[in-house]
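Student: Provided herewith is a single structure, encoded as structure tokens, for subsequent inquiry.
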């Protein structure tokens, strides 16, 4: 069995770090894991995505339609990732938009977030739409948004890793001075998807 | 993984490593003494890590001025008996090629490994060139790892070949292998203790024609011997499943084959090639005779495929060989599991049990093109250049040769300040050509500080000596920014993190003989526009050094800006110059009002371009 996770969003949202925590937790539990990251232009407002496969696979790329879970840190990016999903996929998406820096020069407006969520619901079995930015702010720092998303993913019933294991790897990977805030965000994210 | 763990003596530890991290661990375990590079994605992280740990590892590390110098440093150091390492992106090999070719003729007394990261699908490059051609051209052995563990393990193996045959060797990765994370089990590591070797003249280090003939003969003989190594290497292995269809696969492409075959229970034999130059002729011959159909899977060019076809031709083997040449696989871009699935379905019938992908949404999605950062000094340089050019009211197009760096993003509207680009340093050389081949069209070209040191100086000498006329803007943002922020000769820090002499761009260009040299902080937009106008009227080569640090290294100064950028809605006349001409990502129109976002670095350029002072600095 292979569990495929596609994680997407914008540069600076902590996507790579989140993916590494998932990967290291899998290793800690003696599971095989491979991951691909694309971040060449991320620092300059571009899209960032990672693909994680937990199980027997050797290649780090998920087949079209092959994602069991899409974890989107930004609502439009969830729509952009739909080609990796199938009707049985689960999507967890943050509902806080990040406007493209060039939005004023584009012919396209940023879509209405409620429409985005409706669209996603029409495509896959389950959609969890959470306000991860708010969870992070309430936890004490906007940058803990990624851990709110990780908490949400961990609460999904099919997610192959246990909450306690993820938390223990978070403690190894995150700076001690912000761990309290990150754990709080993780916990609230987790609760939002129960 | 904490990068300091790369120095852990622990053997048998399992870590989740990026391919580039595994490369660092690999060379450290192999006992490397010296490493040199010029940064290039997808190999950049190797340099970033070595910059941080070289001292603790007792390894000499430098960011060389360019890839050619890096190869020269690594090769000459290896001639003293040391074990050396160089690494670069694929196009770096073009720059290094002159010396790299000779390094194979001259050979090494110690050992020398060069890791080259190719970029299929051009995620961050100007082309898809395949380094495996170069290995053949230069007679240099080449290895193709498929994952981080193999990167580390192949490095050991490759160094042993280099040692045994006194020849440089290449590890060829691709973006998906260098930027893949996987489980890596560490080997034994002890800190390097050898910093110095001894140069001995063996009479065969100078390829004058007479010696070069001897060297080439020796090299060809070495390659023949190494071909035997390749035939018998554990890196090239047949997985025999008693099938009639076989697959020859290498590098990252092998991973897709392995997965598709396993997931769909496809009965095929596999020849995994890890040591691909010299190509293992006997092994491939055996594989061809054992299979009726063979598919060759590789990225990007059909190199192993053509080698395989040649072997079939040489030995009159009738096996059908499929790949790129017969259209079974695409000739461009990186592969995916789906591409390999489709190719295998053509050769072997099996059920399609894949999940059906969802159709993309019909909601039109805004794109997210990479843009210059909020507060990037290049934006000010481009805005001012566009204003100066527009003020000329030309009825011809202006020409803007550009170069390799963040500033290539100046291609985008509204600046459109990049309309001819070839390679590192080419902004200057191509300006010379445009100067000689056009009459009325103004030429303003752009090059970054690191790129100027890399390949911009010889063409600038050419420009002066050959009496050309153009304006070169050296965008000196005090860092090699595009690849993540490495040092360069203009920065007073070297690859070891020590203080180092800072090379003055201004003194350099003046020494070349350029009389029109202006150094300016480009955030002073009005002054910048005036300088452009003056330069455009100058008969000869004019150089503008636009000097201001990249945000990446300017965080302290940004923090100390004790004001906010705010908009006075009453004064705003909705001319939208800030949005449409400056196009800073921090300025948006929300509900009809100009709005400054939270990412704003307060560079203040918008306050200068706003004609009614509606945007201002509020203390």
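The values are calculated or read from the model by the stated rules, or taken from the named source; none is laboratory data. Model, not experiment: these values are computed from the prediction. Every residue, glycine as well, gets a Cβ built from its backbone with ideal geometry; the counts of neighbours run over all protein chains shown.
Student: What number of residues in the stretch B:343-352 are within 14 Å of chain A (Cβ to nearest Cβ) and either part of a strand (DSSP E or B) or touching a helix residue (DSSP H, G or I) at 6+ places or on another chain (Cβ under 8 Å) (or both)?
Tutor: 2
Student: Among residues belonging to the stretch B:1-31 that are more than 10 Å from chain A (Cβ to nearest Cβ) and in a loop (DSSP other than H, G, I, E, B), point out the one that is modelled with the lowest pLDDT.
Tutor: Applying the filter and picking the extreme gives B:9.
Student: Right, next: Does residue B:62 satisfy being in contact with a strand residue (DSSP E or B) (Cβ under 8 Å, 6 or more places away or on another chain), within 14 Å of chain A (Cβ to nearest Cβ) and either in contact (Cβ under 8 Å) with a residue 40 or more places away in the chain or not in a loop (DSSP other than H, G, I, E, B) (or both)?
Tutor: Considered against the rule, which asks whether it is in contact with a strand residue (DSSP E or B) (Cβ under 8 Å, 6 or more places away or on another chain), within 14 Å of chain A (Cβ to nearest Cβ) and either in contact (Cβ under 8 Å) with a residue 40 or more places away in the chain or not in a loop (DSSP other than H, G, I, E, B) (or both), residue B:62 comes out as no.
Student: With the requirement that a residue be touching a residue at least 60 places away in the same chain (Cβ under 8 Å) and either under 23 Å from residue B:77 (Cβ atoms) or touching a helix residue (DSSP H, G or I) at 6+ places or on another chain (Cβ under 6 Å) (or both), what does the stretch B:207-216 give you?
Tutor: Listed by number, the residues that qualify are B:207, B:212, B:215.
Student: Let me ask something else. It is to be established whether one or more residues within the stretch B:315-335 are part of a strand (DSSP E or B) and out of contact with any helix residue (DSSP H, G or I) (no Cβ under 8 Å at 6 or more places or on another chain).
Tutor: yes
Student: Now a separate question. Of the conditions (1) in contact with a helix residue (DSSP H, G or I) (Cβ under 6 Å, 6 or more places away or on another chain); (2) surrounded by fewer than 17 Cβ atoms within 10 Å (Cβ to Cβ); (3) under 30 Å from residue B:53 (Cα atoms), residue B:493 fails just one. Which one is it?
Tutor: (1)
Student: With respect to the numbered conditions (1) over 30 Å from residue B:59 (Cβ atoms); (2) touching a strand residue (DSSP E or B) at 6+ places or on another chain (Cβ under 7 Å); (3) outside any helix (DSSP H, G or I), which one is the sole condition not fulfilled by residue B:440?
Tutor: Status for residue B:440: all satisfied but (2).
Student: In the set A:158, A:154, which member is assigned to a loop (DSSP other than H, G, I, E, B) and either surrounded by fewer than 19 Cβ atoms within 10 Å (Cβ to Cβ) or touching a helix residue (DSSP H, G or I) at 6+ places or on another chain (Cβ under 9 Å) (or both)? Quick ask: steps written out before the conclusion?
Tutor: Values: A:154 fails: assigned to a loop (DSSP other than H, G, I, E, B).
The unique qualifying residue is A:158.
Student: May I ask you to say which residue of A:36, A:19, A:42 is facing another protein chain (nearest Cβ under 10 Å), crowded, with 20+ Cβ neighbours inside 10 Å, touching a strand residue (DSSP E or B) at 6+ places or on another chain (Cβ under 6 Å) and at pLDDT below 95?
Tutor: Numbers: A:36 fails: at pLDDT below 95; A:19 fails: at pLDDT below 95.
Only one candidate passes the filter, namely A:42.
Student: In the stretch B:559-594, how many residues are surrounded by 12 or more Cβ atoms within 10 Å (Cβ to Cβ) and not in a loop (DSSP other than H, G, I, E, B)?
Tutor: Adding up the residues that qualify gives 14.
Student: Something else: Out of all the residues in the stretch A:106-130, which are more than 14 Å from chain B (Cβ to nearest Cβ) and either out of contact with any strand residue (DSSP E or B) (no Cβ under 8 Å at 6 or more places or on another chain) or touching a residue at least 60 places away in the same chain (Cβ under 8 Å) (or both)?
Tutor: Matches in the stretch A:106-130: A:128, A:130.
Student: Looking at A:59, A:49 in this structure, which one is more than 10 Å from chain B (Cβ to nearest Cβ) and either in contact with a helix residue (DSSP H, G or I) (Cβ under 9 Å, 6 or more places away or on another chain) or in contact (Cβ under 8 Å) with a residue 24 or more places away in the chain (or both)?
Tutor: On inspection, the qualifying residue turns out to be A:49.
Student: Sticking with this structure for a sec: With respect to residue B:267, is the statement that it is within 30 Å of the chain's Cα centre (by Cα) and surrounded by fewer than 22 Cβ atoms within 10 Å (Cβ to Cβ) true?
Tutor: Values: within 30 Å of the chain's Cα centre (by Cα): no; surrounded by fewer than 22 Cβ atoms within 10 Å (Cβ to Cβ): yes.
Here the answer is no, as residue B:267 does not meet what is asked.
Student: Shifting gears a bit: Kindly evaluate residue B:140 against the criterion of being more than 14 Å from chain A (Cβ to nearest Cβ), in a loop (DSSP other than H, G, I, E, B), in contact with a helix residue (DSSP H, G or I) (Cβ under 7 Å, 6 or more places away or on another chain) and buried (at least 19 other Cβ atoms within 10 Å of the Cβ).
Tutor: In short, yes.
Student: Same structure, new question: Provide a single number: the residues in the stretch A:93-105 that are modelled with pLDDT of 85 or more and at the interface with chain B (Cβ under 7 Å from one of its Cβ atoms).
Tutor: Residues that pass the stated criteria total 2.
Student: Let me ask something else about it. Pick from the stretch B:524-553 the residues that are surrounded by 19 or more Cβ atoms within 10 Å (Cβ to Cβ) and assigned to a loop (DSSP other than H, G, I, E, B): which of them is farthest from the chain's Cα centre (by Cα)?
Tutor: Per the criteria, the residue is B:548.
Student: Pick out the one residue from B:340, B:363 that is within 11 Å of another protein chain (Cβ to nearest Cβ) and crowded, with 24+ Cβ neighbours inside 10 Å.
Tutor: B:340
Student: Of all residues being within 31 Å of the chain's Cα centre (by Cα) and surrounded by fewer than 18 Cβ atoms within 10 Å (Cβ to Cβ) in the stretch B:302-325, which is nearest to residue B:342 (Cα to Cα)? Just the residue, please.
Tutor: The extreme case among them is B:325.
Student: I'd like to know if the stretch A:75-84 contains one or more residues that are part of a helix (DSSP H, G or I) and more than 9 Å from every other protein chain (Cβ to nearest Cβ).
Tutor: The answer is yes; a qualifying residue exists.
Student: Residues of the stretch A:149-188 being touching a strand residue (DSSP E or B) at 6+ places or on another chain (Cβ under 7 Å) and within 23 Å of residue A:12 (Cα to Cα), which ones?
Tutor: If the condition is that a residue be touching a strand residue (DSSP E or B) at 6+ places or on another chain (Cβ under 7 Å) and within 23 Å of residue A:12 (Cα to Cα), then A:149, A:152, A:153 are the ones that fit.
Student: Testing residue A:64 on (1) surrounded by fewer than 22 Cβ atoms within 10 Å (Cβ to Cβ); (2) out of contact with any helix residue (DSSP H, G or I) (no Cβ under 7 Å at 6 or more places or on another chain); (3) facing chain B (nearest Cβ under 9 Å), one condition comes back false. Which one is that?
Tutor: All conditions are met except number (2).
Rundown of residues vs (1) part of a loop (DSSP other than H, G, I, E, B); (2) at pLDDT below 95, yes/no style:
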site	(1), (2)
B:374	yes, yes
B:384	no, no
B:388	no, no
B:409	no, yes
B:428	no, no
B:435	no, no
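Student: Conditions first: (1) in a helix (DSSP H, G or I); (2) in contact (Cβ under 8 Å) with a residue 24 or more places away in the chain. Residue B:199 passes all but one, so which condition is the exception?
Tutor: Against the list (1) in a helix (DSSP H, G or I); (2) in contact (Cβ under 8 Å) with a residue 24 or more places away in the chain, residue B:199 comes up short only on (1).
Student: What number of residues in the stretch B:380-410 are within 14 Å of chain A (Cβ to nearest Cβ) and either under 17 Å from residue B:428 (Cα atoms) or in contact with a strand residue (DSSP E or B) (Cβ under 8 Å, 6 or more places away or on another chain) (or both)?
Tutor: Residues of the stretch B:380-410 that are within 14 Å of chain A (Cβ to nearest Cβ), as a first pass: B:404-410.
Filter once more, so that each one left must be either under 17 Å from residue B:428 (Cα atoms) or in contact with a strand residue (DSSP E or B) (Cβ under 8 Å, 6 or more places away or on another chain) (or both): B:404-408, B:410.
The number of residues fulfilling the criteria is 6.
Student: For residue B:385, are the conditions met, namely being outside the structural domain of residue B:431 (by TED's automatic domain parsing) and under 29 Å from residue B:555 (Cα atoms)?
Tutor: No; evaluated as a whole, the condition is false for this residue.
Student: In addition: Test residue B:253 against the criterion of being modelled with pLDDT of 95 or more and surrounded by fewer than 23 Cβ atoms within 10 Å (Cβ to Cβ), and give yes or no. Steps first, please.
Tutor: Numbers: modelled with pLDDT of 95 or more: yes; surrounded by fewer than 23 Cβ atoms within 10 Å (Cβ to Cβ): no.
No, not satisfied.
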